[in-house]
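Participant: Supplied in structure tokens, the structure appears directly below.
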Amino acid sequence: IKDEYIESGWYTLKKAWDNGLFFRDKRVTHWCPRCETALAEHEIRGEYKMVDDPSIFVKFKVIGKDDEYLLVWTTTPWTLPANLAVAVHPDYDYVEVMVDDETWIVAEALMKSVFSQLKIYNYTVIGYLKGKDLEGLRYKHPLLDENPIQKEFYEKGERYHSVILGEHVTLEDGTGCVHTAPGFGVEDFDMGKMYGLEAYSPVDDLGRLSDSKYEGLFIKDADPLVIKDLEKKGLMVLSTTINHKYPFCWRCKSPLIFKSTEQWFLDITSIKSKILEKNKNVQWIPDWVHKRYENGVENVGDWCISRQRYWGMPLPIWSCEEGHNVCIGSKEEMERMAKGDGKVKELHRPYVDDVVITCPECGKDMTRVKDIVDVWFDSSIASWASLH
């Protein structure tokens, strides 16, 4: 509420900025379509509920092979129009299974479970191979006609619509062939980066699809239509439902989605070892919290601190059209760099959004990035922010 507290937040972020620990990046984060904002991973803990979702097994046609398919499982049919690859584990054993006149590729360890779920009992293993042997195998996108942009991706080169290798693939469920949409999953995003795939994320801030024949539909409303189209094409092997844990927004209790967006982060990865070292000299009461804190630090990623909301501590970043950014560390610094006197009624929106700064690099106007700072950042700085 007070400018003095906001200034302390700006001061802290400027310290991080000067040390290269505060940066902007495009990553996949949790996104609330109702609040229209990104969330950090620590806001999701404890916010899971059991929900029913589609559970579908889909055939991806292997190019250049007669009636051979990768068998893929997913609980998010609405992400299939954005599929760019299929991941397999390099070291797992995979099998080619003859089903009627077709050959399906699945992980050997999951074969019995998969065919039991499919209620298919008459099948024959006709080939064995390692996951790494599948790398580069290309397939025809199952929704190529429904999303014409996929034709452009295919033409970009052999890394698109092909099998890639990832150690995140498990044998816990599914088929061992993992549908990969780099714009809609953290591991998918990382794999896409490794293989040079675009983080294609055709969903707007309200959770509506923005590409393909499903454009304008809320993601969950698109599920039955995607399933219906796959059935028409003869690519749907099984469509049922699954009851599983799903993350919800702690503010509005709406279901969250994963979505790739440009956000501002605090770099925790590079200082994690230092935090753990410092923690050795902290006396925790009760003492078991020491280990809990340590576990928390070890498992946390970089902190996404930007929020696309209105009320809160304004993010102290000003940007120009040339892509230059500056971080402001105090009210006095803002006024000194501003065009005009830079004085504002208070440091909240909308007043601070009217301040224009001259870019120190190119001389063009800089306006404030509209985001605010995660409220949990406000609480984390209380020990010094309360003292201004």
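Participant: Would you point out the residue of segment 168-218, among those that are surrounded by fewer than 16 Cβ atoms within 10 Å (Cβ to Cβ) and either within 12 Å of the chain's Cα centre (by Cα) or of a type in the set (A, V, I, L, M) (or both), that is nearest to Glu68 (Cα to Cα)?
Facilitator: Leu171
Participant: Right, here's the next one. Val97 fails exactly one of the following numbered conditions: (1) touching a residue at least 40 places away in the same chain (Cβ under 8 Å); (2) part of a strand (DSSP E or B); (3) among the aliphatic types (A, V, I, L, M). What is the number of that condition?
Facilitator: (1)
Participant: Moving to a separate point now. Under the condition of being part of a loop (DSSP other than H, G, I, E, B), open to solvent by 10 Å² or more (accessible area, probe 1.4 Å) and hydrophobic (A, V, I, L, M, F, W, C), which residue from segment 298-331 is farthest from Phe22 (Cα to Cα)?
Facilitator: Trp311
Participant: Could I ask something else about it? Looking at Val97, is it over 18 Å from Tyr139 (Cα atoms), open to solvent by less than 10 Å² (accessible area, probe 1.4 Å) and either of a type in the set (D, E, K, R) or in contact with a strand residue (DSSP E or B) (Cβ under 7 Å, 6 or more places away or on another chain) (or both)? Let's see the steps before the verdict.
Facilitator: On the way: over 18 Å from Tyr139 (Cα atoms): no; open to solvent by less than 10 Å² (accessible area, probe 1.4 Å): yes; either of a type in the set (D, E, K, R) or in contact with a strand residue (DSSP E or B) (Cβ under 7 Å, 6 or more places away or on another chain) (or both): yes.
Judged against the criteria, Val97 is not a match.
Participant: Checking Glu43 against (1) open to solvent by less than 50 Å² (accessible area, probe 1.4 Å); (2) under 20 Å from Ser162 (Cβ atoms), which single condition isn't satisfied?
Facilitator: (2)
Participant: Still on this structure, please answer the following. Out of Thr74, Thr79, Thr29, Thr37, which single residue is farther than 22 Å from His348 by Cβ, modelled with pLDDT under 95 and among the β-branched types (Val, Ile, Thr)? Can you show your working first?
Facilitator: Details: Thr74 fails: modelled with pLDDT under 95; Thr79 fails: modelled with pLDDT under 95; Thr37 fails: farther than 22 Å from His348 by Cβ.
Going through Thr74, Thr79, Thr29, Thr37 in turn, the sole match is Thr29.
Participant: Within the set of pairs 6 or more residues apart or between chains, which connect a residue that is touching a residue at least 12 places away in the same chain (Cβ under 8 Å) inside segment 53-66 to a residue that is basic (Lys, Arg) with Cβ atoms less than 7 Å apart?
Facilitator: Hits for this filter: Lys61/Lys140; Ile63/Arg138; Ile63/Lys140.
Participant: Would you check if Met366 is of a type in the set (A, V, I, L, M), at pLDDT below 95 and buried (at least 18 other Cβ atoms within 10 Å of the Cβ)? Working first, answer last.
Facilitator: Working: of a type in the set (A, V, I, L, M): yes; at pLDDT below 95: no; buried (at least 18 other Cβ atoms within 10 Å of the Cβ): yes.
No: the conditions fail for Met366.
Participant: Related question: Return the pair list, or none, for Cβ contacts closer than 7 Å from residues in segment 341-361 that are outside any strand (DSSP E or B) to residues that are open to solvent by 50 Å² or more (accessible area, probe 1.4 Å) and hydroxyl-bearing (Ser, Thr, Tyr), at least 6 apart or on different chains.
Facilitator: If the second residue must be open to solvent by 50 Å² or more (accessible area, probe 1.4 Å) and hydroxyl-bearing (Ser, Thr, Tyr), the pairs left are Val344/Tyr351; Lys345/Tyr351; Arg349/Tyr310; Val356/Thr367.
Participant: Could you list, in sequence order, the residues of segment 100-136 that are of a type in the set (A, V, I, L, M), open to solvent by 40 Å² or more (accessible area, probe 1.4 Å) and not in a strand (DSSP E or B)?
Facilitator: Going through segment 100-136, the residues of a type in the set (A, V, I, L, M) turn out to be 105-107, 109-111, 114, 118, 120, 125-126, 129, 134.
The next check asks that each one be open to solvent by 40 Å² or more (accessible area, probe 1.4 Å); those that pass are 109, 125-126.
The answer is Ala109, and nothing else.
Participant: Still on this structure, I have one more. In segment 344-357, is there at least one residue being surrounded by 14 or more Cβ atoms within 10 Å (Cβ to Cβ), farther than 30 Å from Lys259 by Cα and in contact with a Lys or Arg (Cβ under 6 Å, 6 or more places away or on another chain)?
Facilitator: Within segment 344-357, one or more residues are surrounded by 14 or more Cβ atoms within 10 Å (Cβ to Cβ), farther than 30 Å from Lys259 by Cα and in contact with a Lys or Arg (Cβ under 6 Å, 6 or more places away or on another chain).
Participant: Scan (1) farther than 25 Å from Phe189 by Cα; (2) touching a strand residue (DSSP E or B) at 6+ places or on another chain (Cβ under 7 Å); (3) open to solvent by 60 Å² or more (accessible area, probe 1.4 Å) for the single condition Ala16 breaks and write down its number.
Facilitator: Exception for Ala16: condition (3).
Participant: In segment 254-293, which residue that is part of a helix (DSSP H, G or I) and charged (D, E, K, R) is nearest to the chain's Cα centre (by Cα)? Show your work before the answer.
Facilitator: Just the residues of segment 254-293 that are part of a helix (DSSP H, G or I), to begin with: 269-279, 289-293.
After this cut, where a residue has to be charged (D, E, K, R) as well, the list is 272, 274, 277-278, 291-292.
Numbers: Lys272: 22, Lys274: 27, Glu277: 30, Lys278: 31, Lys291: 29, Arg292: 26 Å.
Checking each candidate, the answer is Lys272.
Participant: If you scan segment 84-94, which residues turn out to be in contact (Cβ under 8 Å) with a residue 40 or more places away in the chain and either in a strand (DSSP E or B) or open to solvent by 10 Å² or more (accessible area, probe 1.4 Å) (or both)? Break it down into steps so the answer makes sense when it comes.
Facilitator: Start the filter on segment 84-94 by keeping residues that are in contact (Cβ under 8 Å) with a residue 40 or more places away in the chain, which leaves 84-92, 94.
Result: Ala85, Val86, Ala87, Val88, His89, Pro90, Asp91, Tyr92, Tyr94.
The values are calculated or read from the model by the stated rules, or taken from the named source; none is laboratory data. Since the model is a prediction, treat every value here as computed from it, not as a measurement. A quick note on method: Cβ atoms are made from the backbone with ideal geometry, for glycine too, and the neighbour counts reach across all protein chains shown. SASA here: full protein model, heavy atoms, side chains in, ligands and nucleic acids out. Shrake-Rupley method; radii C 1.70, N 1.55, O 1.52, S 1.80 Å.
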